[in-house]
Amino acid sequence: MRFRLVPRRALRALAVGAVALAAASCSHAHTTVQITTHADDYGQPVGTQPVREGGDLVMGLSNDPDRLDPSTSSSLYMRYVMSTICEKLYDNDASGNLVPQLATALPKFSDDGLTVTIPLRTGVKFADGTPFNADAVEASLERHLSLPGSQRTGEMGPITGIDAEGPSTVVIHYSAPFAPITAALADRAGMIMSEAALKEEGKDFGDHPVCTGPFKFRERATGSSIVVERDPLYYDAQNVHFDTITYRIMPDAKARADALRSGSIQVADTMSPQDADALKADPRLRLLVSGSFGFQGFYLNIGNQDGAGKPVKPLDTPLAKDPRVRQALSLSIDRQALVDKAFKGWYEPACTPIAPRTSYATSADTSCPQFDPDRAKKLLAEAGVQTPYPITMQVMNVSDQLDYAQQLQAMVARGGFDLRLVPAEYSALLAAQKNGTYEALLLGWSGRLDPDGNIARFLTTGSSGNYSGFSSAALDDVLGWAAHTTSPARRGALYEQAVTLIQRDNPYIYTYRLRNLTAHSDRVTGIEVYADGAVRLGKAAFVSDRNG
C-alpha cells in the first residue's frame, strides 16, 4: 500500500546566509550560562549481577500520564510507562547515541536524502500474539502522521509516502531531506503498535495499548495507578525479571521520598532538589543523576485561541502583540540566582532550547540575556503599558514548582511585572497548553537528542505542538533549512540563527534546565535514566541476596 500525505508548505527560496538577523539581535548583553557540576550516575544494566526472578516493583510516579497513545500523547510520564510496554524503532543509549531497538541498523539514506530505508527485526510478536513486521510499522507511522490530534505529525518531516517492502523493510519517502528522522523515531514517533489492536480500538487505543516490550498493559485507575505485567511473548523475555510493575501516582515529592525510605515503593522519579543531598547520603538508597536534553520555562500565549496547530489568532494584549513586553519579562529574570536559590544548585540556568554539552551547543546558542530589570522597565515604558504589568501564570500544584514560581514572581516585580499565580494539576496544564486557555504557563519539555525535536515542534507555524500560537516566517525558514541539510556544521550555524530569532520574540521564555533525579532502593538493580528523561525499568530486577 502507498500512503500519501500532503507535504508541508514548500520552503521559500531563501539563501540562508542572507537571512537578515541584524534586526533579530538583542541590544542587551549576554552572559554565558554557569554550569553546576554533579557527578552523573545513569545506572547500569543488570549484566552478570545475580538477581532474583519475579517480584512486583512499585514506582512512585510524580504525575498521572495523559492517555497511553503514542500518537496523541504530550506527557513525559507517558514515556516512562510506555518504555516498558512499547518499544521503538530506535533508542538513545547512556552516551547519547542513537541505537537500533526494533530496527536492526540505523536508517540508510539515499544519495539525494529523499528515501530512508529501515531494516526491521524478524520473529517478533506483539503482546496480542500478532506479528511485528513492516506492515505493522507502516500502519503505526501512517497513524502518527494522519490521526486527528496527533502530536507526531510535525516531528517526522515532509513525508510523501511509506512503503512496506517485504516483511522486514520499511521505506519512507520525502519531498525534501529530513535529517532529524532517526532521532524522531527514537521517541514516540518510533513506537510501533499492534495493527490488529489499532483496527479494533481505533481512537481508543490509548485505553488498552498493545505493543511489543518487556511488559504488557494490564490496567489503569486514572489518577491512582497503572499496572503492567511481564510479556512472555517478548523477544528478549529471558532478560525480563519482574512479574509486574505498578506505577503509583504520587505528585508530592516528600511523600515519594518518605515512601522510598519506608519501603512501600522501590523507585521514584523527579526527586526534589531539597531532598537530593539526604537521599544521596542514605545507604539504603541510590540516587541516579543525569543531565537533560530538555528545558523548563514558560509559554506565553501569543495567538493560540482555537487550539495548538489551528490558524494563529493573535490575542489583543500588549504581552501578545508587543515583543518588547516579552523581552522585558525575559530581562527581569536572573536565571542563575533563581536556580541557586530555588533548587540548591542541583539544576542549571537555561535561556535557549539547545542543551549544553551536546553536539550543537555553542556559546552563541546557549547564552543568556543579562539580567537587567532597569532596561526591562524602559522597554515597558516604550511599549506604553502601565506598570506593574499584570500577567496570570498557571503553574503545577506541587511544592517545588510553586516555590520556584513564587520566587520568580518576586524577581520579575523588579522589572515592572505583577505575576499572578494560579496552581493547577498537571493534566489541567496539558489541556490548557493544547487548548490555548492560558496567558502564561509554567511547563517544560524533557528534550530530544536532535535540536529539531526541541524547537520545530513548538515554534513552527501550524505545528500541533505550537502551544504559544507563534508564527515567524523567518524562523520557519531557518528551521526548515536546518532540518533539510545533513551537514552538522551548517545545521549548527542555522540553529545559532534560530536562537537569535527566538530571543527576539520570546514566545517561550527558557529559565532552567533540570537534572534528572531518580532514587531507588538498594534492593533493586538495573534501573537506568538517560538524558532523555525516561526512567527505564523494563529489565531491572530485585537483587538476589535480599528478601522481599
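Every number here is computed from the coordinates shown, using simple stated rules; none is lab data. Owing to the predicted nature of the structure, the values given are computational and were not obtained by experimental measurement. Note that we place each Cβ from the backbone using ideal geometry, even for glycine, and neighbour counts take in every protein chain shown.
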Checklist entry - Can you pull the percent of Cα pairs in the chain with separation above 46 Å? => result 11
Checklist entry - Going by how many other Cβ atoms sit within 10 Å of their own, how do His38, His520 line up, fewest first? => result His38, His520
Checklist entry - Using mean Cβ contacts within 10 Å as the protection proxy, how do 190-202, 297-309 order, highest first? => result 297-309, 190-202
Checklist entry - Per the Debye formula with a single identical scatterer at each Cα and no solvent contribution, what log10 I(q)/I(0) holds for the stretch 293-513 at q = 0.12, 0.18 Å⁻¹? => result -0.60, -1.43
Checklist outcome for this item: A correct Karplus calculation of ³J(HN,Hα) over the stretch 403-418, with 6.51 cos²θ - 1.76 cosθ + 1.60, θ = phi - 60°, whole Hz and x for Gly and Pro, returns 4, 4, 4, 5, 6, 4, 4, 5, 5, 6, 4, 5, x, x, 10, 10
Checklist entry - Assigning unit charges at the beta carbon (Lys, Arg +1; Asp, Glu -1) and nothing else, what dipole magnitude in debye, to the nearest 20, does the chain show about its Cα centre? => result 760
Checklist entry - Ranked highest first by the average count of other Cβ atoms within 10 Å around their residues, in what order do 120-126, 374-380 fall? => result 374-380, 120-126
Item to check | Relative contact order (%) - the stretch 87-212, alpha-carbon pairs under 8 angstrom, separation at least six | outcome: 31
Checklist entry - Using modelled amide H (1.01 Å from N, peptide plane; none on Pro or chain starts), what sits under 5 Å from the amide H of Phe417, excluding residues fewer than 5 places away? => result Tyr389
Checklist outcome for this item: Stokes-Einstein D for the stretch 287-372 (10 °C, 1.306 mPa s, Kirkwood Rh from Cα pairs), in µm²/s, comes to 104
Checklist entry - Over the stretch 196-249, what number does the Rg to Rh ratio reach, with both radii from the alpha-carbon atoms and Rh per Kirkwood? => result 1.01
Checklist entry - In whole percent, what relative contact order does the chain give with Cα contacts below 8 Å and a gap of six or more residues? => result 23
Item to check | Once the Cα gyration tensor of the stretch 215-346 is diagonalised, semi-axes √(5λ) in Å | outcome: 39, 25, 13
Checklist entry - When the distances between all Cα atoms of the stretch 370-419 are binned every 10 Å from zero, what whole-number percent does each bin get? => result 25, 46, 24, 5
Checklist entry - Under unit Cβ charges (Lys, Arg +1; Asp, Glu -1), what dipole magnitude, rounded to 20 debye, does the stretch 293-513 have relative to its Cα centre? => result 100
Item to check | Average Cα contact separation per residue, the stretch 137-268, under 8 Å, 6 or more apart, as relative contact order % | outcome: 14
Checklist entry - More than 20 Å apart: what percent of Cα pairs in the stretch 123-211 qualify? => result 33
